[in-house]
Amino acid sequence: MSYSATDHADKNQGLSIILPTFNESGSIKGVITSLLNHTKSHAVELLIVDDDSADGTADIVRTLARQDSRIRIIQRVGRSGLASAIKEGLIAAVHPIAIVMDSDGQHEPSSVQMAFEALSANNDLVVGSRFLDQSEIRGLSSRRTDGSTMANRVARWSLPKSYAHLTDYMSGFIALKVERCLPFIRKVDVNGFKFLYELLAISKGQLSIVEIPLHFQPRLYGSSKLDYAVLWDFVISLIHTSTFRILPRRAISFGLVGASGVVIQLLSTFILMTIGLSFPQSLPLAVITAASSNYLINNILTFGDRRQKGRQLIKGLLKFLLVASLPSLANVGLATGFYNMIQSHAVLAQLAGIIVVYIWNYAASSRFVWNTP
């Protein structure tokens with residue numbers, strides 16, 4: 001479904017524009033100024049949700065807000081992440097229509113009016129697409145474009161069929177009717193890969209959606225926030241959605257990381273036994289190696305929004321090993337007993353111990369290492 005110029009929203013409705021920021025001091029003033037110039041015909045608020053940027057982004061916005069009451073800022077301390085910033089901004093919006101867009105200048109302010117008009121009486125949500133025939137992409141490398149195309153194909157397969165007409169499930173530009181979408185927005189998992197993807201998965205095909213073309217611009221300042229953690233989040237989102245969202249996202253991620261720890265433990269045990277150590281001698285060293293690996297990977301991927309660095313990284317590792325010590329002893333004891341009394345098979349013995357400790361490690365480390373509920 002594409003945007004039709006005959007569809008119009010009530011021009012008297014106010015408009016809230018949500019701009020998540022993290023270290024966007026180079027672009028944020030220009031984006032705000034341009035948006036205010038393009039929305040003079042509307043009652044508007046610009047709501048900047050800043051993740052405690054270290055480059056002075058919040059100070060720039062605060063200065064502008066003192067000069068113009070249409071500008072508001074939420075500076076978040078101890079909370080971070082794009083999806084959670086969008087969710088917090090939408091819940092705080094005061095106007096009946098809200099638009100979410102990037103704060104780096106890659107989304108053209110002129111798209112705001114087109115999105116506003118596309119929210120006709122029959123549409124709940126408007127998606128700015130980079131992949132419609134009328135769209136133009138100037139801000140993505142061919143590698144990023146190909147990656148987005150592949151991600152969209154997989155997303156289409158995992159989402160309700162009523163959303164199959166969409167072309168850009170990874171879009172960062174959306175407009176929506178707040179009252180209609182708020183019940184779904186409240187349920188969005190803020191650890192998700194993309195806010196739009198999570199919103200579509202939760203809404204289960206109940207929203208009426210139209211797309212408008214985007215003219216995607218090059219980033220003028222700063223750097224892309226895309227990293228391995230974001231790609232990992234996409235994999236977790238797909239698994240989470242495909243398994244009917246029964247297990248918590250973090251539990252899925254923790255389990256997959258734990259699977260890599262199984263490989264590391266088995267490999268470490270094999271190497272240590274190859275160089276002459278016995279199974280009982282090799283196993284404790286292998287368990288510690290695997291636990292350390294699990295901590296470091298989980299710190300980057302599973303708990304990326306609470307990622308620990310520097311001294312906190314070492315302190316967190318010691319906490320993780322302490323939390324894991326009791327189940328690790330159970331792991332070693334059960335595996336050794338299995339090896340000595342049931343079957344002298346190193347792999348089977350270790351798997352028996354590993355299965356026992358997964359739930360404890362996830363629950364305890366989530367609470368005491370990364371301080372998540």
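The values are calculated or read from the model by the stated rules, or taken from the named source; none is laboratory data. Note that this is a predicted model, so its numbers are computed, not measured. Every residue, glycine as well, gets a Cβ built from its backbone with ideal geometry; the counts of neighbours run over all protein chains shown. Calculation scope for accessible area: heavy atoms of the full protein, side chains included, ligands and nucleic acids excluded. Shrake-Rupley method; radii C 1.70, N 1.55, O 1.52, S 1.80 Å.
So here's what we get for this one:
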item	result
Gyration tensor verdict on region 37-97 (Cα atoms; rounded if a/c is under 1.5, prolate if a/b is larger than b/c, oblate otherwise)	oblate
Whole-Hz ³J(HN,Hα) from phi, Karplus 6.51 cos²θ - 1.76 cosθ + 1.60, for region 240-251, glycine and proline x	4, 5, 5, 9, 6, 6, 6, 8, x, 4, 5, 5
Integer Hz, Karplus 6.51/-1.76/1.60 couplings in order for region 58-70, x for Gly and Pro	4, 5, 4, 5, 5, 4, 5, 5, 5, 8, 8, 5, 6
Principal axis dimensions, largest first and in whole angstrom, of region 259-331 by Cα	41, 21, 20
Those aspartates and glutamates that a straight Cα-Cα span of less than 20 Å connects to Lys319, excepting residues fewer than 8 apart in one chain	Asp305
Three-way shape label, region 104-189, alpha-carbon gyration tensor, a/c 1.5	oblate
Signed unit charges on C-beta, dipole axis of region 71-207, positive-most listed residue Ser135, Ser120, Leu200	Leu200
Residues of type aspartates and glutamates that Lys40 reaches as a straight line, Cα spacing below 18 Å, ignoring anything fewer than 8 places off in the same chain	Asp10, Asp68, Glu108, Glu117
Loop-located trypsin sites (Lys or Arg not before Pro) in region 241-314 whose Cβ has at most 12 other Cβ within 10 Å (DSSP)	Lys309
Inter-label distance for Gln134 and Leu322, nm, one decimal - labels placed 7 Å from Cα along Cα-to-Cβ	6.1 nm
Exposure of Ile73 as accessible area (Å², to 10), given a probe of 1.4 Å and all protein chains	50 Å²
Set Lys29/Lys87; Lys29/Lys187; Lys87/Lys204; Lys161/Lys187 screened for pairs whose C-alpha atoms are more than 26 Å apart	Lys29/Lys187
